[in-house]
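Below: the structure, in structure tokens.
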Amino acid sequence: MGLLDFKNKIKKNTKPQIKEQPLQYWEEDSFMIIIPSDTSVDPTVNIGEKLGMIEGIRVMSVEEPTEEKPGFIALEYDEEGYAVGYDYRDFALPDMMGIQKQQLNEEEVAALERADKALTLFMRFHDNSKKSYHLQLKLAVALVPDFAAVLDESAEKLLSARWVNMAAASSVPPGNDALYSVQAISGENGEVWLHTHGLCRCGITELEIVQSDTENIRNHYELIRSLANRLLDKNEDEKNAGSLFIGLIGDSIPIVVTHVPWTDGIFEYNNLSLGGLADRENGHNAKRSLIFVYKNEKDEENHILSKVNIYDNYWGDNAMFFISTPETERMKTLARERFGFVKRAAENDDYTVILKLGLDTDQKYREEDNANSKEHIWFELVGFEGDKFKAKLTQDPYYIDDLHAGYIGEYTVDDITDWLICTPECNISPETAYLLVK
């Protein structure tokens, strides 16, 4: 049976029934390929002993691989049991077309190009996908301490060894963005098909926006990313909801989105040149959903779908997408953990550092449950004085009446919620601090 099942076609104008195809192996489990710098050393030797040295891990059993099947490790991490498959085999760098790549340095690139063997690690994610992903990175670093890169096959990403080492050593897991990629396929007349890879291993649907274009791709990208991140956070009140309020255009247009299985949503479009049936005969045909919006409450109540591009004349630079409370807390913890990079950057006259600080709002602006008690505002770093630093406010706050742009105050790392190091080449955040490691 092919992708289209025409046997159920009752009459000429009836839409064909389409079957969602089963998940591929890299969609069911998380597959990572760790590429050693020195492939003559077998990383599977004493594998149980190596993994047992990771804090919080207890190895229950090890089944060694054979020619016919991979090995398996049963382990316990944070009071949960995991089965991890592994195999060390010949490796050839695949076609990198479509693969998202972190920035690799010359040493990493050289080791990657000469590699002829690699270790594959695969595992089924638990409900907390970020914790499972973090664990997989820890396993990779423990088994192959000296590696060139990690190919995250499930998310179609090539990860720098520097990023992986920093992420594995962190006290907090990587952000939601690390768990998936958003790919853009371009066609004629500027049309773009946006779609994710990596979400299925997290137990949720892959997401798509069809009929995007080069002019609106930035906002469409932020929309698909914001919905993916909200679904990954799996708030109990939201994960089964039919719609989610994820942002605002200006201060008056709410962005309320829903997602529909591609087998149904594709019929909301006519004559798709990208992302249509022809593009799904050999892939992109499993657990995937197209994103739509609800223009108003009436449409939401009656499940009247509108295409994402109805907002294309309104985006401008005024779109704001919300960040969940758990992700905000994770970002704050990471910014403080990696604050040492800010201190070193302050010594470089070619760098400018801006800091987001959480300041107490005026009492009159707070709600009864003390919500809105903090306003997070950008400052420019002036300099350090011992454990404290001075910073200049770059904008007027909304909820602190007596504070204005240009004000210079004294703060500590406990006030930090985010930071950005602006170098001549690029801007570096806590998430991309690996770029400052040689």
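What follows is calculated from the coordinates using simple rules that are stated; it is not laboratory data. Just so we're clear, the structure is a prediction, and the values are computed from it rather than from any experiment. Cβ coordinates were reconstructed from backbone atoms using ideal geometry, including for glycine residues, and neighbour counts include every protein chain displayed.
Observations
- Proxy reagent accessibility, fewest Cβ within 10 Å first, across SER324, SER226: SER324, SER226
- Over 21 Å between alpha carbons, listed pairs LYS343/LYS388; LYS356/LYS438; LYS343/LYS438; LYS117/LYS157: LYS356/LYS438
- Computed extension length for LYS438-ASN313: 40.6 nm, one decimal, from 0.36 nm per residue of separation with the Cα-Cα distance subtracted.
- Cut-off 16 Å, label 7 Å out along Cα→Cβ of CYS426, residues of region 98-130 by amide N: 99-109
- Label-to-label distance for GLN395 and MET97 is 4.2 nm, based on points extended 7 Å past Cα in the beta-carbon direction.
- Near TRP419, the amide H atoms lying under 5 Å from its own belong to LYS356; only residues 5 or more places off or on other chains count, and H is placed 1.01 Å from N.
- When each of the peptides 93-104, 272-283, 125-136 is scored by how many other beta carbons lie within 10 Å of its residues on average, the order from highest to lowest is 125-136, 272-283, 93-104.
- For the chain, with +1 on Lys and Arg beta carbons and -1 on Asp and Glu, the positive-most of LEU420, GLY316, THR263 along the dipole: THR263
- What the phi angles of region 271-285 give under the Karplus curve with 6.51, -1.76 and 1.60, with θ = phi - 60°, is a coupling list of 6, 5, 8, 9, x, x, 4, 5, 7, 10, 5, 10, x, 6, 9 Hz, glycine and proline written as x.
- Evaluated over the Cα positions of region 325-436, the convex hull gives a direction-averaged projected area, one quarter of its surface, of 7.5 nm².
- Cut-off 17 Å, label 7 Å out along Cα→Cβ of GLU380, residues of region 418-438 by amide N: 419-424, 427-428
- Across region 323-334, coupling constants 3J(HN,Hα) worked out from phi with the 6.51/-1.76/1.60 Karplus curve, θ = phi - 60°, read 10, 5, 4, x, 5, 4, 5, 5, 4, 5, 4, 5 Hz, and Gly and Pro carry x.
- Bridgeable aspartates and glutamates around LYS392 (alpha carbons under 16 Å apart, same-chain partners fewer than 8 residues away excluded): GLU375, GLU380, ASP402, GLU410, ASP415, ASP418.
- If R0 equals 25 Å, the separation of the Cβ atoms of ASN46 and LYS131 corresponds to a calculated FRET efficiency of about 0.45.
- Paramagnetic reach from THR214 (point 7 Å along Cα→Cβ, amide N under 18 Å) across region 268-283: 273-274
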